1. Which one of A:Ile81, A:Ile69, A:Ile95 is of a type in the set (Val, Ile, Thr) and in contact with a helix residue (DSSP H, G or I) (Cβ under 8 Å, 6 or more places away or on another chain)?
2. Which count do you get for residues in segment B:21-42 that are assigned to a helix (DSSP H, G or I) and within 14 Å of another protein chain (Cβ to nearest Cβ)?
3. If A:Pro16 satisfies all but one of (1) more than 19 Å from A:Ile69 (Cβ to Cβ); (2) touching a residue at least 24 places away in the same chain (Cβ under 8 Å), what's the number of the condition it fails?
4. Going by what's in this entry, would B:Asp83 be described as surrounded by fewer than 22 Cβ atoms within 10 Å (Cβ to Cβ) and within 14 Å of chain A (Cβ to nearest Cβ)?
5. For segment B:54-79, which residues satisfy the criterion of being out of contact with any strand residue (DSSP E or B) (no Cβ under 8 Å at 6 or more places or on another chain) and within 9 Å of chain A (Cβ to nearest Cβ)?
6. Of all residues in segment A:1-24, how many are of a type in the set (A, V, I, L, M, F, W, C), open to solvent by 30 Å² or more (accessible area, probe 1.4 Å) and within 15 Å of the chain's Cα centre (by Cα)?
7. Check A:Ile95 against each of (1) surrounded by fewer than 16 Cβ atoms within 10 Å (Cβ to Cβ); (2) more than 14 Å from chain B (Cβ to nearest Cβ) and name the one condition it does not meet.
8. Exactly one condition in (1) in a loop (DSSP other than H, G, I, E, B); (2) surrounded by 22 or more Cβ atoms within 10 Å (Cβ to Cβ) is not met by B:Tyr88; state its number.
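The values are calculated or read from the model by the stated rules, or taken from the named source; none is laboratory data. A quick note: this is a predicted structure, and the numbers were derived from the prediction, not measured. Glycine gets a Cβ as well: all are built from the backbone with ideal geometry, and neighbour counts include every protein chain shown. Keep in mind that these areas ignore ligands, DNA and RNA; they rest on the heavy atoms of the full protein, side chains included. Shrake-Rupley method; radii C 1.70, N 1.55, O 1.52, S 1.80 Å.
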There are 2 protein chains.
Amino acid sequence: MGAILHVCITCRAGLPLVEGEPCAGARVHAALAALNVPAGVTVRPVECLSACKHGASIALSGPGRWSYIYGPVSEADAAVILDGAAAYAGTQDGIVPWRERPALFRKNVIARLPALEAT
Amino acid sequence: MGAILHVCITCRAGLPLVEGEPCAGARVHAALAALNVPAGVTVRPVECLSACKHGASIALSGPGRWSYIYGPVSEADAAVILDGAAAYAGTQDGIVPWRERPALFRKNVIARLPALEAT
């Protein structure tokens with residue numbers, strides 16, 4: 001299993017839901033789905049990452065890797081998100097060198113979490 | 001492997017570091033270590049959960065379970081944190097029924113993350 005890019009598809013990003021219009025998280029997911037997903041990355045929709053104050057939010061995780069949760073992000077960030085996900089997928093431990101992380105990921109990290117296997 | 005209670009031991013909780021005094025995260029870890037840790041829970045110190053704006057922070061994770069990151073917490077919350085960790089350890093998927101979660105966990109969730117195995 002490579003890297004999983006979790007995308008919260010229920011995030012309203014603090015805005016009222018407008019009937020017939022996709023919420024902020026669903027728009028991010030649609031924008032990602034319209035692009036070529038890098039090798040080793042799987043995009044997985046998820047209902048609520050409980051990071052509503054910082055949404056729309058996404059997360060990266062993978063076996064043996066640190067997980068990272070990012071937000072706010074928008075559909076305009078889709079290409080950058082996939083670049084960052086590709087860099088993450090290219091690591092063994094999930095830790096991308098600071099300078100190789102997209103500015104979006106450097107600035108908008110909500111939290112990170114060690115791998116279960118970490119010692 | 002049961003539940004892992006990750007404790008950020010480097011968190012300053014937005015305060016300046018005072019020489020010779022433990023930082024906020026280290027105080028939380030010390031308070032937890034002074035109590036009886038529930039069966040099925042392992043306390044694991046970690047250097048930075050990247051949730052500095054909401055620190056001190058802790059996280060719960062376990063195989064096949066949703067992970068949760070909480071903050072701010074303080075050393076005064078140690079007993080409540082262990083109660084919440086015990087409830088988490090007692091689940092298969094990491095999702096403790098809302099009313100059975102400590103108020104601290106209901107109010108101070110920073111983010112959650114699906115298990116890698118989630119579909």
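1. Working: A:Ile69 fails: in contact with a helix residue (DSSP H, G or I) (Cβ under 8 Å, 6 or more places away or on another chain); A:Ile95 fails: in contact with a helix residue (DSSP H, G or I) (Cβ under 8 Å, 6 or more places away or on another chain).
Result of the check over A:Ile81, A:Ile69, A:Ile95: A:Ile81.
2. Step one: list which residues in segment B:21-42 are assigned to a helix (DSSP H, G or I), which gives B:24-33.
When the remaining residues are screened for being within 14 Å of another protein chain (Cβ to nearest Cβ), the result is B:25.
Looking only at that region, the number is 1.
3. In the conditions (1) more than 19 Å from A:Ile69 (Cβ to Cβ); (2) touching a residue at least 24 places away in the same chain (Cβ under 8 Å), A:Pro16 misses (2) alone.
4. Values: surrounded by fewer than 22 Cβ atoms within 10 Å (Cβ to Cβ): yes; within 14 Å of chain A (Cβ to nearest Cβ): no.
Answer is no for this residue.
5. Step one: filter segment B:54-79 for residues out of contact with any strand residue (DSSP E or B) (no Cβ under 8 Å at 6 or more places or on another chain), giving B:63-64, B:72, B:74-79.
Answer for segment B:54-79, where residues must be out of contact with any strand residue (DSSP E or B) (no Cβ under 8 Å at 6 or more places or on another chain) and within 9 Å of chain A (Cβ to nearest Cβ): just B:Pro63.
6. The initial filter retains those residues of segment A:1-24 that are of a type in the set (A, V, I, L, M, F, W, C), namely A:1, A:3-5, A:7-9, A:11, A:13, A:15, A:17-18, A:23-24.
Of the ones still in play, those that are also open to solvent by 30 Å² or more (accessible area, probe 1.4 Å) are A:1, A:9, A:13, A:15, A:17-18.
Checking which are within 15 Å of the chain's Cα centre (by Cα) leaves us with A:9, A:13.
Residues that pass the stated criteria total 2.
7. Condition not satisfied by A:Ile95: (2).
8. The single condition B:Tyr88 does not satisfy is (1).
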